[in-house]
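Visitor: The structure that follows is given in the form of structure tokens.
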Amino acid sequence: MSIYEELGVRTIINAKGPSTRLSGGVLDDDVARAMVEASRHCVDIAELQAAAGRVIAEITGSEAGYVTSGAAAGLLLGAAACVTGLDPGKMNRLPDTTGMKDEIVMVRSQRNFYDHAVRGAGVRIMEVGLPDRFAGAGVRDAEGWEIDQAIGERTAAVFYVASASARPPLAEVVKIARARGVPVLVDAAGQLPPADNLRRFVALGADLVAFSGGKAIGGPQASGFLAGRRDLIAAAALQHLDLDFPWELWCPPSDLIDKSLLPGAPHHGIGRPCKVGKEEIVGLVVALRRFAAADPEERRGRWLALARALVAELDGIPGTSVRLLADRPWREIPQVELALEPEARGTALALMQELEAGSPPVFADPARLDEQVVVLGTSCLRESDPPLIAARIRDFLGGRRGSLPVSVRS
Ligand SMILES: *Cc1c(COP(=O)(O)O)cnc(C)c1O
């Protein structure tokens with residue numbers, strides 16, 4: 001009996017992707033094995049973090065790196081690092097930022113649910129720009145001069161959420177922030193693949209970049225990392241590591257934390273609640289190395305085959321059209337779009353409710369329900385899933401398995 005059976009928990013078919021609410025993805029055997037191996041011994045956690053940091057630095061081209069319990073934890077630690085620098089007195093006072101730089105500038109159109117992590121450091125977000133959805137003019141978002149004007153004496157950082165549509169371009173934001181002596185913290189949690197993005201934001205001059213380990217990298221679900229400037233990584237580490245030791249006995253690896261720069265050690269910091277275990281650190285390192293070394297075409301080929309199988313299985317359901325979404329360069333993970341016409345035997349919402357309630361539960365992507373579209377992601381599917389998903393959809397919408405060959409429109 002599996003542990004899930006014993007606990008009475010259903011395993012699902014994950015046709016959305018590595019979402020936190022769906023428990024992330026499925027670990028590769030190499031990663032899972034490394035985590036088990038890590039669990040068999042104890043180590044000095046700072047020494048392990050320093051070693052992981054060297055791997056992260058090499059892979060991202062940054063000065064330093066640090067493993068976090070997710071990208072969101074990286075944002076909390078990164079924001080805190082930008083506020084306190086290496087001052088242990090300030091670290092001890094967070095999230096009370098009285099008398100400190102307590103503002104973080106952010107483009108309004110980049111606001112999202114995850115920026116709560118930044119606010120958790122005790123800062124206020126100063127929004128700039130007006131992404132006008134009312135008039136539909138659509139040509140202006142935030143502009144560089146608006147960011148420049150929002151930076152003042154209390155600005156701890158500019159926070160930038162990377163995406164293909166983020167405006168202004170990161171290079172311009174970095175230039176403005178640098179001229180004002182303010183660091184740029186980047187949320188790149190959702191920007192992999194392509195693997196090139198592991199280096200892109202650091203190369204563009206971002207001071208700290210947060211990545212998720214549990215998404216495309218294929219690391220443990222509760223992992224992520226920061227890559228960036230050595231002093232900021234040290235400030236993040238100081239607010240995350242367990243610091244319950246006599247000062248004289250404390251010998252942190254000097255490439256992670258240069259003890260000689262500190263008047264003393266801070267107390268457990270604002271990041272202590274998001275601790276990272278040795279198993280996650282090791283799992284993240286192994287997954288990151290695998291992800292960076294993999295052939296992108298091969299990786300995409302597997303997802304494409306799954307998407308094509310889905311399209312073939314779903315073809316010909318009355319009142320629907322099915323399409324492979326693999327056309328855009330940023331859509332490196334192919335998806336399948338099932339569009340329900342008015343004559344279909346049900347709505348997209350009803351279909352998703354049925355899929356989630358059935359056995360096994362099938363979770364698709366609800367992002368386009370308003371358009372009567374159910375999106376099926378491929379990155380967490382197993383080879384055996386497409387026929388199972390299609391059978392469940394046919395149970396609801398009717399129609400027999402078509403005889404379409406596995407070559408399809410894209
Ligand atoms: C997923 C995501 C996060 C959070 O990542 P975790 O690793 O789950 O903490 C933050 N920001 C964005 C834009 C994301 O897509």
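The values are calculated or read from the model by the stated rules, or taken from the named source; none is laboratory data. All values reported here derive from a predicted model rather than from experimental measurement. We place every Cβ from the backbone using ideal geometry, glycine too, and count neighbours over all the protein chains shown.
Visitor: What's the number of the only condition in (1) out of contact with any helix residue (DSSP H, G or I) (no Cβ under 8 Å at 6 or more places or on another chain); (2) assigned to a helix (DSSP H, G or I); (3) farther than 21 Å from Gly228 by Cα; (4) without any contact (Cβ under 8 Å) to a residue 40 or more places away in the chain that Ser109 fails to meet?
Guide: Unmet condition: (4).
Visitor: Checking the structure you have, find out if any residue of segment 101-113 is within 16 Å of the ligand (Cβ to nearest atom), touching a Gly at 6+ places or on another chain (Cβ under 8 Å) and among the hydrophobic types (A, V, I, L, M, F, W, C).
Guide: Yes, that holds for at least one residue.
Visitor: For the structure I just gave you, tell me whether Ala121 is surrounded by 19 or more Cβ atoms within 10 Å (Cβ to Cβ), among the hydrophobic types (A, V, I, L, M, F, W, C) and in contact (Cβ under 8 Å) with a residue 60 or more places away in the chain.
Guide: Here the answer is yes, as Ala121 does meet what is asked.
This table checks each residue for (1) assigned to a loop (DSSP other than H, G, I, E, B); (2) within 16 Å of the ligand (Cβ to nearest atom); (3) under 24 Å from Thr84 (Cβ atoms); (4) free of Cβ contacts under 8 Å to residues at least 60 places away in the same chain.
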| site | (1), (2), (3), (4) |
| --- | --- |
| Leu185 | no, yes, yes, no |
| Leu192 | yes, yes, no, no |
| Arg200 | no, yes, no, yes |
| Gly219 | yes, yes, no, no |
| Leu226 | no, yes, yes, no |
| Ile233 | no, no, yes, no |
| Leu243 | yes, no, yes, yes |
| Cys251 | yes, no, yes, yes |
| Asp255 | yes, no, yes, no |
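Visitor: Just to be sure before I move on: is Gly301 in the same structural domain as Val67 (by TED's automatic domain parsing), assigned to a helix (DSSP H, G or I) and either in contact with a Ser or Thr (Cβ under 8 Å, 6 or more places away or on another chain) or free of Cβ contacts under 8 Å to residues at least 60 places away in the same chain (or both) in the structure I sent?
Guide: In short, no.
Visitor: Here's another thing I want to ask about it. Pull out all pairs, ordered by first then second residue, where Cβ-Cβ is under 7 Å, the residues are six or more apart or on different chains, the first lies in segment 54-76 and is within 26 Å of Ser19 (Cα to Cα) and in the same structural domain as Val123 (by TED's automatic domain parsing), and the second is within 7 Å of the ligand (Cβ to nearest atom) and in a loop (DSSP other than H, G, I, E, B).
Guide: From residues that are within 26 Å of Ser19 (Cα to Cα) and in the same structural domain as Val123 (by TED's automatic domain parsing), the pairs are Gly70/Gly214; Ala71/Ala189.
Visitor: Could you count how many residues in segment 61-97 are crowded, with 24+ Cβ neighbours inside 10 Å and away from the ligand (no atom under 16 Å from the Cβ)?
Guide: Residues meeting the conditions: 7.
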